[in-house]
Amino acid sequence: MLLLFLLLSSCSPHGDPVTKEMYGSAWPFTVEEGHLECLSYAVLFHADGKTYLLQGDPGRIREEMAGEPLHDLGEIWRRQDAIGDTWSANMPLDTLIASCSETVSSEQ
């Protein structure tokens, strides 16, 4: 039992921590926090044990993840009212994706 605990506690989450507090009103999710994983070919968001694709080729990601499921971003994507009460859209992901692009560029 102790060995299992040590193995699980040594597992680090994928990517860098991101929170609603860090992004304020630009935070596009209904969850309070997660991890942003910046790959050269994709941007992934991990929260509550699930993985979501923010940008990239889903087919390639599924191959790379070796069977780990990709979840529907709609489960956690926050909605915003854009024009009165007649139209609403999902919050933009641009801010998160831009921060990922900066990270990938600096690593190359």
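The values are calculated or read from the model by the stated rules, or taken from the named source; none is laboratory data. Quick caveat: nothing in here was measured; it's all calculated off a predicted structure. As a convention, Cβ positions derive from the backbone with ideal geometry for all residues, glycine included, and neighbour counts pool all protein chains shown. The accessibility values were calculated without ligands, DNA or RNA, using every heavy atom of the protein model including side chains. Shrake-Rupley method; radii C 1.70, N 1.55, O 1.52, S 1.80 Å.
The table that follows gives values for the structure above.
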item	result
Calculated from backbone phi, Karplus (6.51, -1.76, 1.60) coupling profile of the range 70-76 in Hz, x at Gly/Pro	8, 9, 6, 4, x, 4, 10
Solvent-accessible surface (1.4 angstrom probe) belonging to Glu68, in square angstrom, nearest 10	80
Net charge, Pro92 excluded, C-beta distance under 13 Å - Lys, Arg +1, Asp, Glu -1	+1
